[in-house]
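Heads up: the structure comes next, in structure tokens.
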Amino acid sequence: MKKLFLKNIKIINFWFPFLGSGIKIKEINEQQNKFLISLRLTTRNKNLFGTQFGGSLYSMTDPFFVFILVLNLGDEYIVWDKSAQVDFIKPGKSKVFSTIEIPMSRIAEIKNEIDAIGKSTYFFETDIVDKDQKVIAKVKKEVYVRKKNFHATNK
């Protein structure tokens, strides 16, 4: 199931929480280390003030740092979200976007470090911007990475 999903990652556009809230993967680069995500403003994700609901803003960024690492590190590694922080800067009154990326050089550093020490956590950040490229929110994610069977192979 995981391999099928990862080969067709845009299938997540049809996952009900994303489909229902207007979240969409717009682009994925060839290396699968950069995603462009959008969130349109609809009656399903407006808050009481008629602006983007904070939960939807966070949801549009939620899984993608993990996806990038899973796609690029492979099946020998366990990758999980550990924590998140959202700083809401201004109300989102239009469609919003986030570019979520981990440079390939950083992925290589993470892989080398995990191969050496077994596990660690990493922090990543992204901005959510409106159609005029004004920052709506800043998201910071902490991601846990562990090599499967590290202790079994390194005793």
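Using 0.36 nm times the number of residues separating Lys138 and Ser38, minus their current alpha carbon distance, what extension gain do you get?
Roughly 34.5 nm would be gained on extension.
Excluding same-chain residues fewer than 8 positions from Lys24, which aspartates and glutamates have a Cα within less than 14 Å of its Cα?
The qualifying aspartates and glutamates are Asp62.
Which whole-number percentage describes the relative contact order of the stretch 2-153, with Cα contacts under 8 Å and a sequence gap of 6 or more?
Reported relative contact order: 24 percent.
Using R₀ = 25 Å, calculate the FRET efficiency as 1/(1 + (r/R₀)^6) where r is the Cβ-Cβ separation of Phe88 and Thr121; round to 0.05.
So the FRET efficiency works out to roughly 0.55.
What angle do you read, to the nearest 10 degrees and between 0 and 90, between the alpha-carbon axis of helix 104-117 and the longest principal axis of the chain?
With both axes taken from Cα atoms, the answer is about 40 degrees.
In the neighborhood of Asn47, defined by Cβ-to-Cβ distances under 14 Å, what is the net charge if each Lys or Arg adds +1 and each Asp or Glu adds -1? Before the final figure, lay out each step's value.
On the way: positive: Arg44, Lys46, Lys90, Lys93; negative: none.
Net local charge, Asn47 excluded: +4.
Where does the chain land at 222 nm, in deg cm²/dmol rounded to the nearest 500, when only DSSP H runs of n ≥ 4 count, each adding -39500 (n - 2.57), divided by all residues?
Details: 6 runs with 46 residues, N = 155.
Calculated mean residue ellipticity at 222 nm is -8000 deg cm²/dmol.
Roughly what angle does helix 64-73 make with the longest principal axis of the chain, taking Cα atoms, 0 to 90 degrees, to the nearest 10?
Long axis of 64-73 versus the principal axis of the chain: about 30 degrees.
Computed from the coordinates by the stated procedures, all read-outs in this text should not be read as laboratory data. Just so we're clear, the structure is a prediction, and the values are computed from it rather than from any experiment. Glycine also receives a Cβ, built like all others from the backbone with ideal geometry; neighbour counts cover every protein chain displayed.
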